[in-house]
Amino acid sequence: MKSTNNIPALRRIWKACFEADSGFLDLFFGEGFALCRTFVSEVDSRIVSSLSVFPVEFRGQKGGYVYGVCTDPAYRGHRYAISLLKETEEYCREEGMGFLILRPASQSLFGYYRKLGYTFDIYRQQQILNLPAIPEEAIIRHISGDSLHNLRNYFWGNSRSGVFQFSVEMCRYIVDYIKYCHGQAVSIMSHESILPADSYFTGYPDPENPEMIICEEAGILPDLSNLPLLLSSVRHLYPNALKLLLPLPPQKAKEEFMLCKIFKSSLDHRTLFSYTME
């Protein structure tokens with residue numbers, strides 16, 4: 001295992017492994033790459049497998065989000081990715097991280113990663129909600145990554161929150177990722193509000209169904225009292241849309257979403273992760 005900044009070689013292997021267009025590759029390697037640490041396996045000085053780790057936090061405990069695990073198709077079947085992942089885990093443990101999280105690329109891979117010790121489930125609950133035909137008025141402002149960071153702390157920053165936290169730099173990258181998806185990141189206020197914000201929204205149209213808006217993350221109060229204002233704001237942003245796919249902290253309905261390997265942290269099944277940037 002070695003860390004690398006060989007972007008041309010990494011772009012080659014990503015293009016061979018993922019259905020990523022040049023726009024996404026430009027975004028990741030132009031901005032996201034500097035925010036994570038990337039590890040590779042080499043054979044005869046050729047990169048054959050790679051993965052990246054984005055820093056995240058959960059209730060003050062540092063951890064990592066394992067991203068972009070891939071092996072050159074010509075070198076598969078030799079367990080390069082498994083060896084690389086195990087070595088990366090040891091490095092992250094030595095760096096004081098309490099956990100690693102990852103999202104399997106397909107349902108069949110959940111069992112694969114569980115065998116490697118990723119046995120803690122992170123669930124997701126999504127609801128499809130109708131957007132109002134006549135939305136209520138709202139003050140909607142586009143936000144920067146710095147503002148997104150502040151809003152995430154405002155809505156999710158208390159010790160009981162089940163949301164993974166990102167750095168300011170990571171939030172800037174997230175806003176640019178939302179823009180890449182032809183989406184919007186906004187703060188939301190009612191005209192009577194005296195709060196910093198009544199809600200916030202980050203999301204984009206479903207590429208296969210423009211009448212559906214996919215919400216990556218939103219500021220939602222525990223009693224859902226600000227939900228009508230959120231729905232109205234999405235309708236203002238996307239007048240031709242009819243529905244919103246909204247992520248909520250999982251309660252009863254549970255969809256396997258991500259897996260976690262815990263070293264020395266305390267997570268519970270209400271944890272909420274967004275921005276997998278797939």
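Assess whether Ser232 counts as being touching a residue at least 12 places away in the same chain (Cβ under 8 Å) and surrounded by fewer than 19 Cβ atoms within 10 Å (Cβ to Cβ). Against the criterion (touching a residue at least 12 places away in the same chain (Cβ under 8 Å) and surrounded by fewer than 19 Cβ atoms within 10 Å (Cβ to Cβ)), Ser232 does not qualify. Within region 22-61, the set of residues being under 18 Å from Pro73 (Cα atoms) and surrounded by fewer than 17 Cβ atoms within 10 Å (Cβ to Cβ) comprises Glu42, Val43, Asp44, Ser45, Arg46.
Criterion applied to Gly98, Gly64 was being surrounded by 14 or more Cβ atoms within 10 Å (Cβ to Cβ), within 21 Å of Phe166 (Cα to Cα) and touching a helix residue (DSSP H, G or I) at 6+ places or on another chain (Cβ under 9 Å), and the one residue passing it is Gly64. The residue list Phe273, Phe263 contains one member that is of a type outside the set (S, T, N, Q) and touching a Cys at 6+ places or on another chain (Cβ under 9 Å), which is Phe263.
Within region 67-78, the set of residues being open to solvent by 20 Å² or more (accessible area, probe 1.4 Å) and hydrophobic (A, V, I, L, M, F, W, C) comprises Val69, Ala74. Scan region 41-63 and tell me whether some residue there is more than 15 Å from Phe99 (Cβ to Cβ), outside any strand (DSSP E or B) and touching a residue at least 60 places away in the same chain (Cβ under 8 Å). No: region 41-63 contains no residue that is more than 15 Å from Phe99 (Cβ to Cβ), outside any strand (DSSP E or B) and touching a residue at least 60 places away in the same chain (Cβ under 8 Å).
Among the residues here, Glu90 qualifies as free of Cβ contacts under 8 Å to residues at least 12 places away in the same chain and open to solvent by 60 Å² or more (accessible area, probe 1.4 Å).
Inside region 163-193, can you point out the residues that are of a type in the set (Ser, Thr, Tyr) and closer than 15 Å to Leu229 by Cα? Within region 163-193, Ser187, Ser190, Ser193 meet the criteria. Of the strands (runs of 3 or more DSSP E) entirely within region 101-214, none holds at least 1 residues that are open to solvent by 50 Å² or more (accessible area, probe 1.4 Å) and small (Gly, Ala, Ser). Do the conditions hold for Glu217, that is, is it touching a Ser or Thr at 6+ places or on another chain (Cβ under 8 Å) and of a type in the set (Asp, Glu)? Criteria met by Glu217.
The values are calculated or read from the model by the stated rules, or taken from the named source; none is laboratory data. Source: prediction; values computed, not measured. Methodologically, a virtual Cβ is constructed for each residue, glycine included, from the backbone with ideal geometry; neighbour enumeration extends over all protein chains shown. Ligands, DNA and RNA are stripped out before the accessible areas are found, and what is left, the full protein with its side chains, is counted by its heavy atoms. Shrake-Rupley method; radii C 1.70, N 1.55, O 1.52, S 1.80 Å.
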